[in-house]
1. Scan (1) at pLDDT 90 or above; (2) open to solvent by 50 Å² or more (accessible area, probe 1.4 Å) for the single condition Phe47 breaks and write down its number.
2. Against the condition open to solvent by less than 60 Å² (accessible area, probe 1.4 Å), touching a helix residue (DSSP H, G or I) at 6+ places or on another chain (Cβ under 9 Å) and modelled with pLDDT of 70 or more, how does Gly248 come out, does it pass?
3. Among the candidates Val226, Val197, Val257, Val211, single out the residue that is at pLDDT below 90, part of a helix (DSSP H, G or I) and under 14 Å from the mean Cα position of the chain (by Cα).
4. Being out of contact with any helix residue (DSSP H, G or I) (no Cβ under 9 Å at 6 or more places or on another chain) and assigned to a helix (DSSP H, G or I) is the filter here, so list the residues in region 61-96 that pass it.
5. Failed condition for Ile237, given (1) buried (at least 17 other Cβ atoms within 10 Å of the Cβ); (2) touching a residue at least 60 places away in the same chain (Cβ under 8 Å), with all others met?
6. Can you confirm whether Ser11 is among the small types (Gly, Ala, Ser) and at pLDDT 85 or above?
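The values are calculated or read from the model by the stated rules, or taken from the named source; none is laboratory data. Model, not experiment: these values are computed from the prediction. Glycine also receives a Cβ, built like all others from the backbone with ideal geometry; neighbour counts cover every protein chain displayed. Quick note on the areas: whole protein, heavy atoms, side chains included, nothing else; ligands and nucleic acids left out. Shrake-Rupley method; radii C 1.70, N 1.55, O 1.52, S 1.80 Å.
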Amino acid sequence: MSTGDDIEDSSAPLIEHLAELRTRLIHSTLYFLAGMIICFSVAQPIFNFLTAPLCSQLAERGQDCDLIFISPQEGFFVAIKVSLLGGLILSFPFIANQMWRFVAPGLYKNEKGAFLPFIIASPFMFILGASFAFFVVTPLAYDFFLGFQQFGTSGEVIDGVEGAAPLSVVFQGSAQEYLNLTIKFIVAFGLCFQLPVLLTLMGKAGLVGAVGLRAVRKYAVVGILVLAALVTPPDVITQGILFVVVYGLYEISIHLVARVERKREAKLRAEGLWFDDEEEMEGEDSHPEDFEDEEPRA
């Protein structure tokens, strides 16, 4: 067979893989668009649900939950953002199924059994992080922000400087700005909750170890502090909560990676392929005949 034929034969599987990838991407896009259309049709109830943390804090202060549009097109963009977030969440199980169907044929049976739990755990941990952000973090954050208003206990204005008009500083928020901040909380915590999944998967692949993760613990603390400052608003409460949660997840990841390593060690020991140290390996490599000429010691 000529060299040209060899090249054509080797390129055929690549073309098939690219065609399969294109099919999966098209299906994933269609699922996402379908989820987005569904969420766009009910964007108003979804947005009303997302305003619960803010409205509960305003109600405790005896205020109405009034959000405004500061531009004519803002209402439309709010609905688009709600539908984008909702469509991604709604279609993610179907998109993950398409990803799995593309990757699974190239995996061995034991690799499928090892990889599948992480695909299931990833959306679960994201939903857990998003729920924690929505039901715990955002009420605390909005309670902190709304504390800077200035008005009386019954909603009356507060007398300002002598000779000036009475002063009242109350919240009149933009619907789009509120949605942006709430989505930022949800996505940030959802992604941070992926840390155990990511590190455990890397540990299973042998890319990280429990000893190494413990050794860089102080650097992880600094990195988490920087992350908390970047992805949260500039208030100590939410930054502190994010730091505590992510650092706790880091410690949990260390234990999960250690557990993976113990299971790997037990499996290798059962197969007779585990060596305790380098000296034992050197002992196994040495041969009895190397010591035949050596005189016995007194």
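1. (2)
2. No.
3. Values: Val226 fails: under 14 Å from the mean Cα position of the chain (by Cα); Val257 fails: under 14 Å from the mean Cα position of the chain (by Cα); Val211 fails: under 14 Å from the mean Cα position of the chain (by Cα).
Unique residue meeting the criteria: Val197.
4. Phe76
5. If we test Ile237 against (1) buried (at least 17 other Cβ atoms within 10 Å of the Cβ); (2) touching a residue at least 60 places away in the same chain (Cβ under 8 Å), just (1) comes out false.
6. No.
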